[in-house]
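Structure first, then comments.
The values are calculated or read from the model by the stated rules, or taken from the named source; none is laboratory data. Being a predicted model, the structure only gives us computed values, none of them experimental. Neighbour counts are summed over all protein chains in view; Cβ atoms, including those assigned to glycine, are modelled from backbone coordinates with ideal geometry.
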Amino acid sequence: MLSLVLKRLVAAIPVVLIVATVVFLLLRMAPGDPARVIAGDMASEETIAQIRTNLGLDRPLPVQYGIAMGSLVKGDLGTSIVSKQPVASLIAARIGPTAALALTSLLLTVLIAIPLGVLSAWWHRRTFDRLTMALTVLAFSVPAFVVGYVLILLFSVTLNWFPVQGYAPLTDGVGRFLYQLVLPSLTLATVFVALITRITRASMLDVLGEDFVRTARAKGAPERYVLFRHALRNAAAPIVTVVGVAITTLISGVVVTETIFNIPGVGSLIVDAVLARDYPVVQGTILFFSFIYVFVNLAIDLIYVLLDPRIRY
Amino acid sequence: MKKNLLLAAALCAALVLPALPTAAQAQTSVKVVMHAPLRVLDPIFTNAYVTRNHGYLVFDTLFSLDNEGKPQPQMVDSYKLSADKLTYTFKLRSGLKFHDGSPVTSEDVIASITRWAARDGLGTRLLATTEKMTAVDASTFTLQLKKPYGLVLDSLAKPGSPVPFIMPKRLASTSPNEAITEMVGSGPYKFVQGDFQPGVKATYLKFADYVPRKEPAANFSGGKVVTIDRLEVVNIADGQTAVNALRNGEIDFIENVAPDLLEQLVGVKNVKAEPKSRETNMYTLRMNWLQPPFENVKVRRAAMAALYQLDYLDASIGDPKRYRVCGAVLSCGSPYKTDDGAPQVHKPDLAKAKQMLKESGYKGEKVVVLHSTDVRSLVNIAPITAQALRSIGMNVDMQAMDFTTLLARRTKKDPVDKGGWSIFQSSLATVDLINPVANPNLDGRGEIGYAGWTKDDTMEALRDQFATETEPAKRADIAKAIQKRSYDEVMYVPLGEVIEYKAYTPKIGKLVDAQLPLFWSSK
């Protein structure tokens, strides 16, 4: 197990370097000039040229690349050319809200979707199953921003049960933290509930037709035991895969939800940075995300091994 | 089982109930949403309007404009001009302090003016006519001119970006091309450095040692009496979310309410939406004078003859209460406002415009119209231009891009087939247009000037005359000549003024009616 972890971590190094290089080149190829954004609409060409020099943007591209990679190797993600703050501290300040939103959405997804999927498979082609499948189609079809606005209109503006926007860190109290996250998590979880419900149902249907399930039933095992002990455990591998993919998609999907609910997370940080052509922030944030993807994929592989001892890497 | 359920419910309630919003917030703590996120703090380093607004909270100015647009002393207690009109002597008000507790001195003022002048057109002209600035003592300084100059006080009271804010010498000594991140001013609010999250929020506390002037607040001038103890500027990128938050009592002020969202605030308890009577923006259109077809003044005139302000204003704003047709090149907030010579304020005679184009020698050259797609106020502007020009037979290529790309693109002086451009549109605060010397659209310096590179020596001479003229009546005559020259040469085309709406709760109090959002009392 340890050698697997080490091997995967070593393999991640070229991945991160390739990502860093591609992001560096893409940003430099994109039209737009951070010096012009910083200086403002009416700044003179002379002023903008001086700012470009101060920021080192007038240096040859290979020199800029060398500086960026040198800093990266030393673990320095650089400094924002707009706000002059270290990229690492900008990410650190924003990661809390994004992680909280992603994790609560994931928890909500798993808590709702897996029981729904299992029960839909158990009551296959009955009213519950048909209703669940219809709802998942609806949840797939409605964009997150529509779900968000409808929830705000209903639960915030009309009923005044939840806040419209904002984020409260855990230091403000667990209650307040969760209270602020209810609507954003529901919004973000909607599409993933639909996805994982369907995957769980399909996977369970496959397993429920297997001989060992029939044997368990023939031995008189209670249905609850058959479903959750035998069937779900064997159906878990594809579900874990989709949950893993969902984690990475959740992280990129938080941008819309963060905008609707005004959550100051990494999603809005990267959108702002792209619009301002704040190269170090975009680079640093994407690198940070690539680390997360590597980590999540490694975690999924390890869970596979735990779920199915036959799997070897 | 029932007992367990009750216990679980009680536990959940204990977790959640303390989190519910309470009404215990201090009366003078408010949350406001401005038009853009604050990322750069230095108001001299950037022209960004949101940084300018932040600057007005933290810093103070020597002079400031009153309701009539006349400069009035602000940090200055008294001043005198020598008989030969060459030496101004300024005396600072007593008791002026920076937020770090140090007194405001003449040295601070001179360093601040010098740094500002390096970044500002009006400041550059002022410094070019200045022989020297001297600190006579801690609170007295002189400004000695090379020749009489009519815009000294107007320059020091300049309300638009960059504003000549006064900061401590240790900060003002920083190169104007490097951004200052430590915010220490002598304005009515103290910046809470540790609370600042770029693009998310900025917090300001009432500066207890600030001594307001005795005169009532009027526009930028008069006493800055602060009734808000804690001002939190939060960024809400989505306009709908901001409106919902205001309705729900989560924020207290929105600087700009989008036209299509205004109706949602009608009749909402404790929320008032009202026009910003003095604070307006103007849509503007600039042509590229370096490249065909607009290097030809006849083509420029033909194109202008096809434009109609109401088309732009209806498409972008819709509600006539929220816009103003205005042909004044110095904006309708200027004391010299006039529609003279402005064809675009009337319905265009397209047949005549076509005839003008035919006679201009236009050979069907491609006209590239830059279309900004991510700035809400500009989204519907370029398509109106494109359609108007097509209607008189011009070969228009409207190119969509984000505003950052547009800013970079419009610096290209190349022909349109090599990445150049022909037309771009902006939305500028009218405080940046009212002074012909500071108005970037009247820049006649050609390739070293504002994008569009309008080259006109006559206009430059008129601007110089305006700057040096000290008689108000003669200045008005020069302003008229500037308006005429601008339209004759089509320096730029004003496309109408937008009257923006702000919305707020009673907690914000009665703010001064100014040309920019200022968070001090009208009393």
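Residues that are surrounded by fewer than 18 Cβ atoms within 10 Å (Cβ to Cβ) and modelled with pLDDT of 90 or more are absent from segment A:257-266.
Among the residues of segment B:209-225, not a single one is surrounded by 20 or more Cβ atoms within 10 Å (Cβ to Cβ), assigned to a loop (DSSP other than H, G, I, E, B), facing another protein chain (nearest Cβ under 8 Å) and on the phi > 0 side of the Ramachandran plot. Within segment B:97-125, residues that are within 14 Å of chain A (Cβ to nearest Cβ) sit with their Cβ atoms under 7 Å from residues that are aromatic (Phe, Trp, Tyr), at 6+ positions apart or across chains, in these pairs: B:123/B:116.
Listed here are the residues, each with its yes/no results for (1) modelled with pLDDT of 90 or more; (2) not aliphatic (A, V, I, L, M).
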site	(1), (2)
B:440	yes, yes
B:445	yes, yes
B:451	yes, no
B:470	no, yes
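Of the helices (runs of 4 or more DSSP H) that lie entirely inside segment A:24-78, those containing 1 or more residues that are facing chain B (nearest Cβ under 8 Å) and among the acidic types (Asp, Glu) span A:45-55. A single member of B:496, B:444, B:509 is touching a helix residue (DSSP H, G or I) at 6+ places or on another chain (Cβ under 6 Å) and either closer than 26 Å to residue B:258 by Cβ or within 14 Å of another protein chain (Cβ to nearest Cβ) (or both), and it is B:496. Yes or no: segment B:165-177 includes at least one residue that is of a type in the set (D, E, K, R), farther than 25 Å from residue A:51 by Cβ and out of contact with any Pro (no Cβ under 7 Å at 6 or more places or on another chain). No, because not a single residue in segment B:165-177 is of a type in the set (D, E, K, R), farther than 25 Å from residue A:51 by Cβ and out of contact with any Pro (no Cβ under 7 Å at 6 or more places or on another chain). Return the pair list, or none, for Cβ contacts closer than 8 Å from residues in segment B:366-385 that are closer than 19 Å to residue B:282 by Cβ to residues that are charged (D, E, K, R), at least 6 apart or on different chains. Going by the 8 Å Cβ cut-off, the qualifying pairs are B:369/B:397; B:370/B:409; B:370/B:410; B:372/B:402; B:384/B:311. As for segment B:370-388, it holds at least one residue that is touching a Leu at 6+ places or on another chain (Cβ under 8 Å), of a type in the set (Gly, Ala, Ser) and at pLDDT below 95. Within segment B:405-433, restricting attention to residues that are more than 11 Å from chain A (Cβ to nearest Cβ), not in a loop (DSSP other than H, G, I, E, B) and not aliphatic (A, V, I, L, M), the residue that is surrounded by the fewest Cβ atoms within 10 Å (Cβ to Cβ) is B:418. Just wondering, is there one or more residues in segment B:459-466 that are in contact (Cβ under 8 Å) with a residue 60 or more places away in the chain and charged (D, E, K, R)? Scanning segment B:459-466, I find no residue that is in contact (Cβ under 8 Å) with a residue 60 or more places away in the chain and charged (D, E, K, R), so the answer is no. Scanning segment B:443-469 for residues that are among the hydroxyl-bearing types (Ser, Thr, Tyr), under 20 Å from residue A:47 (Cβ atoms) and out of contact with any Pro (no Cβ under 7 Å at 6 or more places or on another chain) yields a count of 1. Screening segment A:274-295 for residues that are of a type in the set (Gly, Ala, Ser) and closer than 24 Å to residue A:11 by Cα and picking the one that is modelled with the highest pLDDT gives A:284. Condition check: among the hydrophobic types (A, V, I, L, M, F, W, C), over 18 Å from residue B:509 (Cα atoms) and either modelled with pLDDT of 90 or more or surrounded by 17 or more Cβ atoms within 10 Å (Cβ to Cβ) (or both). Does residue B:261 satisfy that? Against the criterion (among the hydrophobic types (A, V, I, L, M, F, W, C), over 18 Å from residue B:509 (Cα atoms) and either modelled with pLDDT of 90 or more or surrounded by 17 or more Cβ atoms within 10 Å (Cβ to Cβ) (or both)), residue B:261 qualifies. Residues in segment B:226-245 that are aliphatic (A, V, I, L, M), part of a loop (DSSP other than H, G, I, E, B) and either crowded, with 19+ Cβ neighbours inside 10 Å or modelled with pLDDT of 95 or more (or both): 3 in all. Given the conditions (1) within 14 Å of chain A (Cβ to nearest Cβ); (2) under 17 Å from residue B:281 (Cα atoms); (3) part of a loop (DSSP other than H, G, I, E, B), which single one is not true for residue B:436? With (1) within 14 Å of chain A (Cβ to nearest Cβ); (2) under 17 Å from residue B:281 (Cα atoms); (3) part of a loop (DSSP other than H, G, I, E, B) applied to residue B:436, the lone miss is (1).
Return yes or no: is residue B:401 closer than 25 Å to residue A:34 by Cα and either away from chain A (no Cβ under 14 Å) or surrounded by fewer than 18 Cβ atoms within 10 Å (Cβ to Cβ) (or both)? So residue B:401 passes the test. Checked against the criterion of being crowded, with 17+ Cβ neighbours inside 10 Å, small (Gly, Ala, Ser) and under 14 Å from the mean Cα position of the chain (by Cα), segment A:279-286 contains not a single residue that satisfies it.
Whenever a residue of segment A:1-30 is at negative phi, its partners that are surrounded by fewer than 12 Cβ atoms within 10 Å (Cβ to Cβ) and assigned to a helix (DSSP H, G or I), lying with C-beta atoms within less than 8 angstrom and at least six residues away or across chains, give the pairs A:28/A:61.
For (1) modelled with pLDDT of 65 or more; (2) within 13 Å of chain A (Cβ to nearest Cβ); (3) more than 17 Å from the chain's Cα centre (by Cα), each residue gets a yes or a no:
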residue	(1), (2), (3)
B:3	no, no, yes
B:7	no, no, yes
B:19	no, yes, yes
B:29	yes, no, yes
B:33	yes, yes, no
B:41	yes, yes, no
B:68	yes, no, yes
B:82	yes, no, yes
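Just so you know, in segment A:198-219 the residues that are surrounded by 12 or more Cβ atoms within 10 Å (Cβ to Cβ) and charged (D, E, K, R) include one that is nearest to residue A:118 (Cα to Cα), and it is A:201. From the list B:228, B:166, B:180, the lone residue that is within 30 Å of residue A:263 (Cα to Cα), in contact (Cβ under 8 Å) with a residue 40 or more places away in the chain and more than 14 Å from chain A (Cβ to nearest Cβ) is B:228. Regarding residue A:130, is this residue more than 26 Å from residue A:240 (Cβ to Cβ) and modelled with pLDDT of 95 or more? In short, yes. On inspection, residue A:97 does not qualify as in contact with a strand residue (DSSP E or B) (Cβ under 8 Å, 6 or more places away or on another chain) and within 14 Å of chain B (Cβ to nearest Cβ).
Of all the residues in segment A:113-141, those that are of a type in the set (Val, Ile, Thr) and either in contact with a Phe, Trp or Tyr (Cβ under 6 Å, 6 or more places away or on another chain) or surrounded by fewer than 15 Cβ atoms within 10 Å (Cβ to Cβ) (or both) number 2. Just so you know, in segment A:149-169 the residues that are in contact (Cβ under 8 Å) with a residue 24 or more places away in the chain and more than 9 Å from chain B (Cβ to nearest Cβ) include one that is surrounded by the most Cβ atoms within 10 Å (Cβ to Cβ), and it is A:167.
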